[in-house]
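Novice: A single structure is presented below for examination.
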Amino acid sequence: MTEIKLHNTKTRKKEVFTPIDAENVRMYLCGPTVYDRAHLGNARPVVVFDVLNRLLRYKYGPDNVTYVRNFTDVDDKINATAMARKEAGAAGTLEDLVRERSDETIAWYLEDMAALGTDEPDHMPRATEYIAQMVTMIEDLIAKGHAYAAEGHVLFAVESYKEYGALSGRSVDDMIAGARVEVAPYKKNPMDFVLWKPSTDELPGWDSPWGRGRPGWHIECSAMADELLGASFDIHGGGNDLQFPHHENEIAQSCCANPDAGFANFWLHNEMLQVEGKKMSKSLGNFFTVRDLLDQGIAGEVIRFVFLSTHYRKPMDWTEEKAREAKAELERWRAFAGSIEEPMGGPHAEVVSALTDDLNTHGAITVLRKLYKSGDAHVFRKSAELLGLLLPGETAEWFEGQAEPETSDLVEYAIALRTEAKLQKDFATADKMRDLLISAGVVVKDSKESTTWEPGPDFDPSKLEGLK
RNA sequence: GGCGAGUUGGCGGAGUGGUGACGCAGCGGAUUGCAAAUCCGUGUACACGAGUUCGAUUCUCGUACUCGCCUCCA
């Protein structure tokens, strides 16, 4: 199979991907801060890296890939929710309530991401379970002269790391010039960032050599990646908004702690999601969660298809029209190949080669369209599955559910009346029945042998009540 | 101000130094009692200017515009 090429943010080039160890390909993706339901933008990297995960497993073997995605469960917003609940009279300590909030958010997240047809990573570490490793790494950074304690904080000294800024293409001087960084008197350089900060008595905190406190945002990923994947690994990913400062800071921490290791070889960043051409934001009123869409009846698989129809390094515009088109196409595809119990063979070589070219998911979809028209349903299905589409199980339910709707009696009755009228050549009655069905949002499909139907967007069988 | 990405037909969206994919919509046809659904076919585009080249949408430079990041953010 063709070699995999990926765009490496570190070099700004498409490079041939060669794993450090082909029997253990290691990938780390920055996961969510678990303060609330995941919004639609949160889902994009999850889907993108799910495709990469599938591709890597296809090429290197299902057991030869280790995929890690963390949960950030140290956060002010989580604390705020916990405090509000405590004030409202919830039982338990604040720490219990913090944990409870994280737990429920994680459960939602996993449900929502599963609905999109994404596989769970091999490891899903929580920051709060790696505090000891973070403290150790911070101590090491201090010992090596890359960090310093000041007023209960520990700060990373950016001037101690010459490569600082390499990933995002900026120098420390450039950054200071236009910087909007917090001015803190204990910082030696305004760009120095927090590794550890003090916690108040009320808020969650952990004992450390610098007093009771909590970790800064970036150290968790360095510590967890090191623990689970080692000092050197293959791929590190996330949204491109994380490129600076989060990933830049991770590199500084990890490369200074392990100077000869190099940290991640490949950095992959997905572009941001937009909604109807605009950035998703609460103030524009176009902010919504994955769950909001699922509750509106937009299938997870449809969301996934829309995501995959745009290359991951381009801004992806979510529109209702795209969702509509995706649904129509997936319906045809599932009708064609969705019911095969055990698809045989493997994915088509052209689909594989599209994906090996820096995850050209749109190119892969184009090949699928060709296979749909002229190809073999088995190869088509296997190819779609490599993209995480047409999978059996949960992501198939939306389609299978509409094939056998519960409220079919009235519709079946109306169709029977129409069929009878057609046999009698009573087309006035037949057309009346058809109009009635259409007005109830039923899509009527005639073929030589029989008439089938499915619910349309405005399906409302109660409009057929008059037939009783 | 600094860094980066982008500008392809009515819409979405790939790709390429030399006949400009694909999907949706439109149009034509098959099918139908007529339709719908389905299937087949089909037109129009590479922001602007200059350069390199036998030849550029594709490479280089410039201009305009759009977007993202630089602050929590996927």
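Novice: Label points 7 Å out from Cα along the Cβ direction at residue A:424 and residue A:309: separation in nm?
Specialist: Result for the modelled spin labels: 4.4 nm.
Novice: Going highest first, how would you order A:306-317, A:26-37 by mean Cβ packing within 10 Å?
Specialist: Highest to lowest by the protection proxy: A:26-37, A:306-317.
Novice: Kindly flag which residue pairs out of A:327/A:370; A:14/A:314; A:10/A:188; A:422/A:445; A:10/A:314; A:10/A:162 have an alpha-carbon separation exceeding 20 Å in this structure.
Specialist: Cα-Cα > 20 Å for A:10/A:188; rest within.
Novice: For the pair residue A:176 and residue A:15, what calculated FRET efficiency results from E = 1/(1 + (r/R0)^6), where r is the Cβ-Cβ distance and R0 = 35 Å, to the nearest 0.05?
Specialist: After rounding, the FRET efficiency stands at 0.65.
Novice: Then there's this: Starting from the Kirkwood Rh over alpha-carbon pairs, what translational D in µm² s⁻¹ does chain A have by Stokes-Einstein at 4 °C and 1.567 mPa s?
Specialist: For the chosen part, D equals 52 µm²/s.
Novice: Shape verdict for the range A:5-273, please, from the Cα gyration tensor: rounded (a/c under 1.5), prolate (a/b greater than b/c) or oblate.
Specialist: Verdict is oblate for the range A:5-273.
Novice: For chain A, what is the accessible area per residue in Å² when the probe is 1.4 Å?
Specialist: Result: 47 Å² per residue.
Novice: Tally Lys and Arg at +1 and Asp and Glu at -1 over the other residues with C-beta under 10 Å from the C-beta of residue A:294: what net charge comes out?
Specialist: -3
Novice: Under 20 Å between alpha carbons, and skipping anything fewer than 8 positions from residue A:13 in its own chain: which aspartates and glutamates qualify?
Specialist: Straight-distance partners of residue A:13: A:3, A:163, A:234, A:241, A:248, A:271, A:357, A:358.
Novice: Cut-off under 20 Å on the C-alpha distance; same-chain residues fewer than 8 positions from residue A:432 excluded. Which aspartates and glutamates are left, in chain and number order?
Specialist: Those aspartates and glutamates meeting the cut-off are A:409, A:412, A:420, A:446, A:454, A:458, A:460, A:465.
Novice: While we're looking at this one, here's another question. Roughly what would the spin-label model give for residue A:186 and residue A:369, points 7 Å off Cα along C-beta, in nm?
Specialist: Once both label points are built, they end up 5.8 nm from each other.
Novice: Stretch residue A:276-residue A:394 to full length: gain in nm at 0.36 nm per residue minus the Cα-Cα span?
Specialist: Contour length minus Cα-Cα distance gives 39.7 nm.
Novice: On to the next question. To the nearest Å, what is the center-to-center distance of the range A:94-141 and the range A:8-37, using C-alpha atoms only?
Specialist: 18 Å
Novice: Okay, next question. Once both labels are modelled 7 Å past Cα along the beta-carbon direction, what's the residue A:132-residue A:452 spacing in nm?
Specialist: About 5.9 nm separates the two model spin labels.
Novice: On to the next question. If you take the beta carbon distance between residue A:207 and residue A:163 as r and set R0 to 41 Å, what does 1/(1 + (r/R0)^6) give as a FRET efficiency, to the nearest 0.05?
Specialist: Efficiency, rounded to the nearest 0.05: 0.80.
Novice: Mind ordering A:357-365, A:16-24, A:142-150 by average Cβ neighbours within 10 Å, highest first?
Specialist: Averaged packing, sorted descending, gives the order A:357-365, A:142-150, A:16-24.
Novice: Using a 1.4 angstrom probe on heavy atoms only, work out the carbon and sulfur share of the accessible area of the range A:342-441 in %.
Specialist: 54 percent
Novice: Can you tell me the FRET efficiency between residue A:151 and residue A:76 if r is taken as the Cβ-Cβ distance and R0 is 22 Å, rounded to the nearest 0.05?
Specialist: The pair residue A:151/residue A:76 has a calculated efficiency of 0.65.
Novice: Please report, as a whole percent, how much of the solvent-accessible surface of the range A:14-151 comes from carbon and sulfur atoms (probe radius 1.4 Å).
Specialist: So the carbon and sulfur contribution to the accessible surface is 48 percent.
The values are calculated or read from the model by the stated rules, or taken from the named source; none is laboratory data. Bear in mind the structure is a predicted one, so any value in this text is a computation, not a measurement. Every residue, glycine as well, gets a Cβ built from its backbone with ideal geometry; the counts of neighbours run over all protein chains shown. Surface accessibility is based on the protein's heavy atoms, side chains included, excluding ligands, DNA and RNA. Shrake-Rupley method; radii C 1.70, N 1.55, O 1.52, S 1.80 Å.
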